[in-house]
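The values are calculated or read from the model by the stated rules, or taken from the named source; none is laboratory data. Keep in mind it's a predicted model, so treat the numbers as computed, not measured. Cβ placement follows ideal geometry from the backbone for every residue including glycine, while neighbour counts extend to all protein chains displayed.
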Amino acid sequence: MAESVDPIEASLREVEQARQRVARIRVRQVAATNERDYLKSVAYSWFRSHRPALTTALSDEVMNAVDAALRRVLEATARSSSKTTYLLALREAKGALAKLRGTALIPSRSAAVSQEAPPDFSALASDALMKAILERRWQECQGCINANAPLAATVMMGGLLEALFVARANLMANKAPLFRAKSTPIDGKTKKPLALTEWTLRPYIDVGAELGWITSSGKDVAAVLRDYRNYIHPEKERSHGVVLNEHDSAMFWEVTKNLVRQLLASSSRTP
């Protein structure tokens with residue numbers, strides 16, 4: 001997608017020039033017609049020139065953040081808007097364009113994953129019903145990726161991992177180490193460790209790393225997956241301006257499979 005970078009670079013230059021120009025304005029409101037017309041032209045340049053040149057290489061979804069920021073610039077020009085309004089919108093546009101440039105530099109490829117049979121979950125789930133549930137969720141993770149449902153896939157991966165961490169904890173006849181770890185979640189009122197039934201994926205990842213179920217690097221990438229799973233909440237997605245794509249979910253699937261293998265291997269070391 002290297003040929004897609006040129007329109008992005010052009011738009012980046014225009015947005016940065018506009019930001020610098022607005023910063024030099026000495027009044028709080030941008031009321032001058034020539035300034036508003038200039039800012040309008042910067043937004044129109046994206047929507048009417050640069051963006052159409054990118055549509056064959058980049059999806060609308062990955063350009064949404066740029067669209068939103070420059071749409072705010074365009075809307076602001078319809079009235080006497082504050083200097084701060086423009087500076088914030090132009091700064092967001094610049095950041096979104098920089099991220100878009102990184103996406104455009106990645107060679108285009110299919111993010112579909114091959115259907116892999118589930119691993120043998122018996123080491124963590126001897127119950128036949130639970131084993132069947134875990135196998136089905138493994139298949140659904142792959143199905144969501146291949147159906148181009150990246151957020152759904154990421155949420156499914158987080159759920160699968162959480163179930164496996166719970167199963168790994170349940171293997172321990174002596175659960176005292178779970179409650180003595182540095183990362184053990186503490187009740188703010190009682191100052192005592194939370195019951196396992198109240199643990200979320202975060203403490204399971206942290207404590208699991210302390211106890212050697214997963215590696216320290218596994219902990220780091222698991223934390224990223226956990227954070228992105230939380231974009232299931234629409235307000236978080238809106239406020240952060242993050243939209244997952246098919247390449248993200250394919251990458252997270254590789255992370256998930258590695259963590260599953262680590263958890264299964266650790267079950268043979270259960271005291």
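Residue-wise test of (1) at pLDDT 95 or above; (2) closer than 21 Å to Leu225 by Cβ; (3) of a type in the set (Ser, Thr, Tyr).
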{"site": "Leu171", "(1), (2), (3)": "no, no, no"}
{"site": "Asn174", "(1), (2), (3)": "no, no, no"}
{"site": "Phe179", "(1), (2), (3)": "yes, no, no"}
{"site": "Thr184", "(1), (2), (3)": "yes, no, yes"}
{"site": "Asp187", "(1), (2), (3)": "no, no, no"}
{"site": "Lys191", "(1), (2), (3)": "no, no, no"}
{"site": "Thr200", "(1), (2), (3)": "no, yes, yes"}
{"site": "Val207", "(1), (2), (3)": "yes, yes, no"}
{"site": "Trp213", "(1), (2), (3)": "yes, yes, no"}
- Task: Considering only the range 181-204, state which residues are surrounded by 12 or more Cβ atoms within 10 Å (Cβ to Cβ) and farther than 12 Å from Val166 by Cβ.
- Result: Ala181, Ser183, Thr184, Pro185, Ile186, Pro193, Leu194, Arg202
- Check whether at least one residue in the range 244-261 is closer than 25 Å to Leu70 by Cα and either free of Cβ contacts under 8 Å to residues at least 40 places away in the same chain or among the polar types (S, T, N, Q) (or both), and report yes or no. yes
- Looking at this structure, is Ala93 under 21 Å from Asn245 (Cβ atoms), under 24 Å from the mean Cα position of the chain (by Cα), in the same structural domain as Asn245 (by TED's automatic domain parsing) and buried (at least 17 other Cβ atoms within 10 Å of the Cβ)? no
- Message: For a quick check of your reading: which helices (runs of 4 or more DSSP H) sit entirely within the range 198-252 and have at least 2 residues that are outside the structural domain of Ala93 (by TED's automatic domain parsing) and within 9 Å of the chain's Cα centre (by Cα)?
- Response: 216-229
- Condition met for Thr190 (assigned by TED's automatic domain parsing to the domain that holds Val260, closer than 26 Å to Glu135 by Cβ, free of Cβ contacts under 8 Å to residues at least 12 places away in the same chain and out of contact with any Asp or Glu (no Cβ under 9 Å at 6 or more places or on another chain)): no
- Message: Just checking, does the range 76-83 include any residue being free of Cβ contacts under 8 Å to residues at least 40 places away in the same chain and hydroxyl-bearing (Ser, Thr, Tyr)?
- Response: no
- Item | Residues that are surrounded by fewer than 18 Cβ atoms within 10 Å (Cβ to Cβ), touching a residue at least 40 places away in the same chain (Cβ under 8 Å) and not acidic (Asp, Glu), drawn from the range 115-148 | Pro119, Ala123, Asn148
- Restricted to the range 32-59, and to residues that are in a helix (DSSP H, G or I) and of a type in the set (Val, Ile, Thr), which residue is farthest from Leu100 (Cα to Cα)? Thr33
- Query: Looking at this structure, is Met156 surrounded by 21 or more Cβ atoms within 10 Å (Cβ to Cβ), among the aliphatic types (A, V, I, L, M) and without any contact (Cβ under 8 Å) to a residue 60 or more places away in the chain?
  - Reply: yes
